[in-house]
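Everything on this sheet refers to the single structure shown next.
The values are calculated or read from the model by the stated rules, or taken from the named source; none is laboratory data. Computed from a predicted model, the values in this text were never measured in an experiment. As a convention, Cβ positions derive from the backbone with ideal geometry for all residues, glycine included, and neighbour counts pool all protein chains shown.
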Amino acid sequence: MALRYPYQDAYLAPRVTQAREDQAFSDVADLGTLPAAWVARLTVLRTYIITCMENMASSEDAFAAKLAAYRKDYDAAIPQARAAQALVDAQAGTPPTGGGSFFSVDLQRG
């Protein structure tokens with residue numbers, strides 16, 4: 001079975017496996033509903049993270065350096081992806097997904 005997404009990192013791409021991509025895709029799916037473009041981006045980043053973690057031999061090798069960079073990118077991309085989904089939901093008139101709290105309940109006068 002072929003990989004879902006293209007991998008541009010020449011150092012990591014040969015080490016990306018179907019199992020690593022499947023795990024990354026599952027991890028991203030656990031984040032909730034997101035636009036397809038963001039699912040792709042986050043899956044690629046998460047796949048790189050998993051690949052680095054599984055290939056890292058020491059805390060000072062190339063995998064460790066790439067791991068730090070890709071974790072930072074992944075962590076920064078998650079709120080952007082959620083904001084993009086919120087915009088899609090707002091344009092479609094769909095209420096936001098996820099848990100609400102007492103402070104996020106719409107109050108209306110009758």
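For the reader, a short list of remarks on this structure follows.
- If you go through the range 31-81 and keep only what is free of Cβ contacts under 8 Å to residues at least 40 places away in the same chain and assigned to a loop (DSSP other than H, G, I, E, B), you end up with MET56, ALA57, SER58, SER59, GLU60, ASP61.
- Just one of the listed residues (ARG15, ARG46, ARG4, ARG41) is farther than 25 Å from ALA81 by Cα, touching a helix residue (DSSP H, G or I) at 6+ places or on another chain (Cβ under 8 Å) and among the basic types (Lys, Arg), and it is ARG15.
- Failed condition for THR43, given (1) under 28 Å from ALA92 (Cα atoms); (2) surrounded by fewer than 19 Cβ atoms within 10 Å (Cβ to Cβ); (3) not hydrophobic (A, V, I, L, M, F, W, C): (2)
- Qualifying positions in the range 1-30 - among the hydrophobic types (A, V, I, L, M, F, W, C) and touching a Lys or Arg at 6+ places or on another chain (Cβ under 8 Å): LEU12, ALA24, PHE25, VAL28
- Residues that are of a type in the set (Phe, Trp, Tyr) and at pLDDT below 95, drawn from the range 54-110: PHE102, PHE103
- ASP9 vs. criteria surrounded by 14 or more Cβ atoms within 10 Å (Cβ to Cβ) and without any contact (Cβ under 8 Å) to a residue 12 or more places away in the chain: no
- Selection status of TYR11, modelled with pLDDT of 95 or more and either in a helix (DSSP H, G or I) or within 11 Å of the chain's Cα centre (by Cα) (or both): no
- Filtering THR43, THR47 for residues that are among the β-branched types (Val, Ile, Thr) and in contact with an Asp or Glu (Cβ under 6 Å, 6 or more places away or on another chain) leaves a single hit, THR47.
- Members of the range 46-96 found to be loosely packed, with under 13 Cβ neighbours inside 10 Å, over 27 Å from ALA10 (Cα atoms) and of a type in the set (S, T, N, Q), listed by number: GLN91, THR94
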